[in-house]
Structure formats: C-alpha cells, structure tokens
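Before any comments, here is the structure.
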Amino acid sequence: MAEKDNGRPLISVIVPVYNIIPYLPRCVHSICNQTYDNLEIILVDDGSTDGTGALCDELAAEDARIRVFHKENSGSSGARNLGISRAHGEYLGFIDSDDYIEPDMYESLYEGIKKYGVKCAQVGRDEVDEDGKQLPNICEPPSEAQVIGSRDFLKELLMHRGDCSFCTKLLAREIFDRPEFFPLGVLNEDFHILVQKLPDIGDIVSLPGQKYHVFYRIGSNSRTESSKKFSRVFGDNVDNADMILGLVENRYPGDTELQKIAFRFNVFQRIDYLLHIPVEMMVRDESEVSAQYRAIVKWMRQNYWKSMSNPILTAKNKVYHTLFATAPKAVRTLHKKIKKL
C-alpha cells in the first residue's frame, strides 16, 4: 500500500546496481536529496563481485528510506523487475546507478502528473563523458510543458527525436502490470517495452529542463565498444525495428504516415547496424552474428525500391541504403578507414 505524506503519494525509485562502487554514492545521494521527500529508494544488488553489495548496505544505514535487495546476476531488467515486485509506491521511477539527478526532478515530475492529469511525466536529460565533457543532446527538451498523445509519442520515438528511457520518467504503478515487466536478456529494453505500453500509458507530459544526468561510461552495458557486445546492442535494435513494423500495422492499420515512418525506422536501424559491425564479423559462418548480418543485407536488397520511394528517408539514408545493398563489406571497410583518418 502506498503511504501518503501530507497528501502526497509515495514514490518508489528503483536502482539496479552492479559493480559500481566509484559512482553509486553520487547516484544515491542525488535521490536522497530530492525536494520531494516521500520516497523509498530500492537498491537491487544484481550479484556484484567487487564489494558494491556491502556499499549498498552502508548507504542504507545512512537513510531509512533506502531498502536493499541482493540477488544473483541476471542483468538490469531482472533487477528492475525485482524492484517493482518489492515497491510500495503509487508511482515508480528508475535511475541507472552511474547517473544522477537534480534535487527537484521528482518534485517536477509529480507536479506535472498532477497538473495535467496523466499517468506519466518525463524530463530532459544530458550526457557527460568520463572527462567531464558535455556530449550532444540525444533528445531536445521542450521550452515549455507539452502533453503528447501516444500516437504522436510513438512517432517521435521512431523519428529518433523522442526519449524512450524509463529513467527520465515518473509513471503510475498501475502501468507495471506483470511480474516480468522488463524483458530479460536484451538491451534497449526501455524502447522495447515502452512502445508496447503506450496505449495503456496514454498522454505523456514532457517537461522543460534537463534534470537527469547520464554519465557516459565506456564499459556499461549499453555503451561498450567491444565487438563481443556489438551483436547484442545493435542486433537488439534491429529486432526492435522488426517488432515495430508489426506493431504499427496492427495498431494503426490505416495510418499510412506512421507506417512509412516505421519503415524508415527499420532502414535507419539496419544502416546503423551495418555502420558499426566490425569488418571481421561480416563473414559467412554458423554464428548468430553472421546469420543476422546476412539477413539484414538480404532485407536491404529486398526492400531497396520501397526505400527509394519513401518520402521520409533522407537522401543520405538512401545513399547508404544503396551502398550497403550493393557491397556491404567493401563499404564498411572503406568507412572504417575513413574513420581512422
């Protein structure tokens, strides 16, 4: 049961934690210092091996609102799912353990939900790298509050202008309607589940300002440079693109604009895959990576003329499509050399 403090509902903030000793205190303290203080902070230690689990317990001793759960390693989705099952709040938020937030983030999000009568509010985010350098914005926050319907929010996501992260959002507990809410064993799981839940969420209010700070740390699950992780990140993005085509066709059968946008999204994600796959992995063998790579090239060739006639794809997109449909390995080899120069 959600506890109320001066009429304000309890917010549960769920933080999956794994081998993150140097950055966890900054993250947790930024949550503890929120102006909206009717919080419970759920730290889920996902089988850490470096002493992070003990650090979670130490942090919990500093603030009675912190609850810690230790589990075997299963990834951030499994940790989030456990946090959801243990949460008491009427609203849920999520923070990645190497990131941090502004003191008024949850105050702003709750006030947005209350003012506009919606189930979900989001704020903007920025990114800072390990050298303290500000990185280009992934999503531009609005200059003033905007209420966005589920169809238009999906459109913004597919045009790579929207924010799919659950970390920048506060959501009503009722949205999380099943035990295994976040899919296990995939990356970019926020996009995967958000697009499917948009009809249940309804309108989303997007608030101005960048109150969530992403720490861009090479080595985290979604930010690795190793070819070992490559197939998971970019491969999952292509799988999500395939899912989107079916979702849009079933949910919006007569919406030709959205269907063209969904097709554009598929082309874009495949180009992104082909621009990042290591050249040495562009081979014909029995591996899963090889099978997916060959399937992507086949799709690019089969859908070439559909891409050329799509008015939403840019000229640059169409040039890349032409090159990768014609000679993918040669193009990728040349692209790799140009990047080195």
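The values are calculated or read from the model by the stated rules, or taken from the named source; none is laboratory data. Only a predicted model underlies this, so the values are computations on that prediction, with no experimental measurement involved. Reconstructed Cβ throughout: ideal geometry from the backbone, glycine too, with neighbour counts over all protein chains shown. When the accessible area is computed, the model is the full protein with side chains, heavy atoms only, and any ligands, DNA or RNA have been set aside. Shrake-Rupley method; radii C 1.70, N 1.55, O 1.52, S 1.80 Å.
Could you list, in sequence order, the residues of the stretch 33-46 that are touching a strand residue (DSSP E or B) at 6+ places or on another chain (Cβ under 7 Å) and under 24 Å from Val214 (Cβ atoms)? Working first, answer last.
To start, the set of residues in the stretch 33-46 that are touching a strand residue (DSSP E or B) at 6+ places or on another chain (Cβ under 7 Å) comprises 36, 38-46.
Once the filter is applied, which keeps residues that are touching a strand residue (DSSP E or B) at 6+ places or on another chain (Cβ under 7 Å) and under 24 Å from Val214 (Cβ atoms), the stretch 33-46 yields Tyr36, Leu39, Glu40, Ile41, Ile42, Leu43, Val44, Asp45, Asp46.
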Is it fair to say Lys119 is in contact with a helix residue (DSSP H, G or I) (Cβ under 6 Å, 6 or more places away or on another chain), modelled with pLDDT of 95 or more and not hydrophobic (A, V, I, L, M, F, W, C)? yes
When the stretch 157-199 is checked residue by residue, the ones that are open to solvent by 60 Å² or more (accessible area, probe 1.4 Å), out of contact with any Lys or Arg (no Cβ under 8 Å at 6 or more places or on another chain) and more than 15 Å from Asn81 (Cα to Cα) are His160, Arg161, Gln196
Quick one: which of Ile261, Ile312, Ile271 is part of a loop (DSSP other than H, G, I, E, B), touching a residue at least 40 places away in the same chain (Cβ under 8 Å) and within 20 Å of Gly162 (Cα to Cα)? Ile312
The stretch 117-140 residues that are β-branched (Val, Ile, Thr), paired with ones that are modelled with pLDDT under 95 and open to solvent by 60 Å² or more (accessible area, probe 1.4 Å) (beta carbon under 7 Å, 6 or more apart): Val128/Gln134; Val128/Tyr216
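Might you let me know whether the stretch 285-303 holds any residue that is part of a helix (DSSP H, G or I), among the small types (Gly, Ala, Ser), closer than 22 Å to Ile193 by Cβ and open to solvent by less than 40 Å² (accessible area, probe 1.4 Å)? Step through it out loud before you land on a result.
Residues of the stretch 285-303 part of a helix (DSSP H, G or I): 288-302.
Retained after the next criterion (residues that are among the small types (Gly, Ala, Ser)): 290-291, 295.
Of the ones still in play, those that are also closer than 22 Å to Ile193 by Cβ are none.
The answer is no, given that none of the residues of the stretch 285-303 is part of a helix (DSSP H, G or I), among the small types (Gly, Ala, Ser), closer than 22 Å to Ile193 by Cβ and open to solvent by less than 40 Å² (accessible area, probe 1.4 Å).
Hey, can you tell me all the residues within the stretch 157-177 that are among the charged types (D, E, K, R), in contact with a strand residue (DSSP E or B) (Cβ under 7 Å, 6 or more places away or on another chain) and either in contact (Cβ under 8 Å) with a residue 60 or more places away in the chain or not in a loop (DSSP other than H, G, I, E, B) (or both)?
Lys169, Arg173 - these are the residues of the stretch 157-177 that are among the charged types (D, E, K, R), in contact with a strand residue (DSSP E or B) (Cβ under 7 Å, 6 or more places away or on another chain) and either in contact (Cβ under 8 Å) with a residue 60 or more places away in the chain or not in a loop (DSSP other than H, G, I, E, B) (or both).
Taking the options Ala79, Ala87, Ala145, name whichever one is at pLDDT 95 or above and over 25 Å from Tyr23 (Cα atoms).
On the way: Ala79 fails: over 25 Å from Tyr23 (Cα atoms); Ala87 fails: over 25 Å from Tyr23 (Cα atoms).
It is Ala145.
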Test for Asp37: is it acidic (Asp, Glu), surrounded by fewer than 19 Cβ atoms within 10 Å (Cβ to Cβ) and either over 24 Å from Lys169 (Cα atoms) or out of contact with any Cys (no Cβ under 8 Å at 6 or more places or on another chain) (or both): yes
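For Asp239, indicate whether it is open to solvent by 60 Å² or more (accessible area, probe 1.4 Å) and modelled with pLDDT of 85 or more. Break it down into steps so the answer makes sense when it comes.
Numbers: open to solvent by 60 Å² or more (accessible area, probe 1.4 Å): yes; modelled with pLDDT of 85 or more: yes.
Yes.
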Please determine whether any residue of the stretch 256-271 is exposed (fewer than 13 other Cβ atoms within 10 Å of the Cβ) and more than 27 Å from the chain's Cα centre (by Cα). no
Would you pick out the residues in the stretch 286-309 that are among the aromatic types (Phe, Trp, Tyr) and without any contact (Cβ under 8 Å) to a residue 12 or more places away in the chain? Trp305
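May I ask you to verify whether Leu43 is in contact with a Ser or Thr (Cβ under 9 Å, 6 or more places away or on another chain), modelled with pLDDT of 95 or more and either surrounded by 15 or more Cβ atoms within 10 Å (Cβ to Cβ) or not in a helix (DSSP H, G or I) (or both)?
On the way: in contact with a Ser or Thr (Cβ under 9 Å, 6 or more places away or on another chain): yes; modelled with pLDDT of 95 or more: yes; either surrounded by 15 or more Cβ atoms within 10 Å (Cβ to Cβ) or not in a helix (DSSP H, G or I) (or both): yes.
Yes, satisfied.
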Which residue pairs have Cβ atoms closer than 6 Å, lie 6 or more positions apart in sequence or on different chains, and pair a first residue in the stretch 7-24 that is in contact (Cβ under 8 Å) with a residue 24 or more places away in the chain and open to solvent by 10 Å² or more (accessible area, probe 1.4 Å) with a second residue that is part of a strand (DSSP E or B) and among the β-branched types (Val, Ile, Thr)? Pro16/Val44
Return the pairs, sorted by first residue and then second, in which the second residue is open to solvent by 50 Å² or more (accessible area, probe 1.4 Å), the first residue lies in the stretch 180-191 and is more than 12 Å from Ala79 (Cβ to Cβ), the beta carbons are less than 8 Å apart, and the residues are 6+ apart or on different chains. Pro183/His192; Val186/His192; Val186/Arg232; Val186/Asp239; Leu187/Asn221; Leu187/Ser222; Leu187/Arg232; Asn188/Ser222
Six or more apart or on different chains, Cβ under 8 Å: which pairs go from a residue in the stretch 317-333 that's more than 21 Å from Met159 (Cα to Cα) and open to solvent by 70 Å² or more (accessible area, probe 1.4 Å) to one that's part of a loop (DSSP other than H, G, I, E, B) and aliphatic (A, V, I, L, M)? Could you list them? Lys329/Met282
